[in-house]
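Rule-based calculations on the coordinates, nothing more; no lab input. Just so we're clear, the structure is a prediction, and the values are computed from it rather than from any experiment. Glycine gets a Cβ as well: all are built from the backbone with ideal geometry, and neighbour counts include every protein chain shown.
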Amino acid sequence: MKVLIERIKKLIEKFNNLTLKKRVVLSITIILTAVLCVSVFVVAWFYRQRKAAEMYKVEFPNSLYLNAAQREDRMYFNMNAISQYKIDPVTDSPVHDSEGKLIPVTSQKYVFAVSGSSIKNYRIQLAHTNNNQFTYKIYPASQYDDESSIPGGTDEDDIVLYNMHANSHNENTIQVENDEYSENGSKYYVKATSQLSGEYKNSKTDIPMEAESSGTHYEENYGSLTNVQKDDIASYWLSETIPVTWDSNKKFCHYYIIEVTWEKRSGQTFESKETDMVYITASR
């Protein structure tokens, strides 16, 4: 300790013996050196933080998509025109019976996919208006490459044929092990026996379906408006948490069938040319 003090005293003495000009130059040099050292440490710290953020993005991608069947672009999940009559899935035109009459049906089914990477679970929300008094149910679905692979005894009404489209993966390019997408051919989807678990969050009545005209959901959409037509108030259904099992690349894809029915409900029947808004979302 004494040696260190002696050295410091000698340095101070040498500094004091310098000319004024040399003392100024030496002082500026010492200050600039200190600033440079601090700057190096600061820059190094920010660099490490940035690299850590970049590595997090690269090593832990986190994505969730909602698409048509086979993860095709959302435009192919088409519910624009719900027909009262049976539609040929290949020609997309109404089917006639042996007498040339249109074959009436009371339901239509549409396939969609929820896929992503590094997602442990998610929930599905369905929102819809009630002008037509449709009934909406979402079922998990199994995918099959051809009709012969569908389990025997499966009800024909539970099967949906989906034809793939070219250049249809612009929104979602995820490839899942044992479910690589294609842009030609067709797939078959079979709905599960039980519908997806969940419940309506703002129902005033169930039959006929009517949403609450007050509360959180109403205020978020309509604010203080009080003259909104009751069937135009959206009903909100939310699934329970859906767990995810990844493939070896932390990817997954689940398929669902939304079934729309219009059986009689307390005097309410299918209304020709009436419009309803339907929204399906998936969230972490």
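Give me the net charge for the shell around E240: Cβ to Cβ below 12 angstrom, other residues only, Lys and Arg +1, Asp and Glu -1. The partial results should precede the final answer.
Numbers: positive: R123; negative: E199.
Net of charged neighbours comes to 0.
Go through K137/K251; K86/K250; K204/K251; K191/K251 and tell me which ones have a Cα-Cα distance over 32 Å in this structure. Intermediate results must be reported in sequence, preceding the final value.
Numbers: K137/K251 26 Å; K86/K250 40 Å; K204/K251 39 Å; K191/K251 22 Å.
Pairs exceeding the cut-off: K86/K250; K204/K251.
How large are Rg and Dmax for segment 61-283 when calculated on the C-alpha trace, in angstrom?
When restricted to Cα atoms, segment 61-283 yields Rg and Dmax of 18.7, 57 Å.
For a quick protection proxy, order the peptides 224-230, 154-160 by their average other-Cβ count within 10 Å, most packed first.
Details: 224-230: 9.3, 154-160: 13.6.
Highest-to-lowest ranking by the protection proxy: 154-160, 224-230.
Please work out the Cα center distance from segment 70-125 to segment 190-253, rounded to the nearest Å.
Comparing the Cα centres of segment 70-125 and segment 190-253, I get a distance of 20 Å.
Stretch E171-T245 to full length: gain in nm at 0.36 nm per residue minus the Cα-Cα span?
Working: separation 74, 0.36 × 74 = 26.64 nm, distance 2.23 nm.
Gain on extension, E171 to T245, equals 24.4 nm.
Grab the other residues whose beta carbon is less than 13 angstrom from that of D145, score K and R as +1, D and E as -1, and report the net. All intermediate terms of the calculation are to be shown ahead of the outcome.
Numbers: positive: K187; negative: D146, E147, D179, E180.
Value of the local net charge: -3.
Could you tell me the calculated FRET efficiency between S142 and K230, based on Cβ-Cβ distance and R0 = 30 angstrom, to the nearest 0.05?
0.20
So between N121 and L102, what do we pick up on full extension, going 0.36 nm a residue minus the alpha carbon distance?
Values: separation 19, 0.36 × 19 = 6.84 nm, distance 4.33 nm.
Extra length from N121 to L102 when fully extended: 2.5 nm.
Which number do you get for Rg(Cα) / (2.2 N^0.38 Å) in segment 52-176? Provide the component values of the computation, followed by the final result.
Numbers: Rg = 18.4 Å, N = 125, 2.2 N^0.38 = 13.8 Å.
Against the empirical 2.2 N^0.38 Å value, I get 1.33 for segment 52-176.
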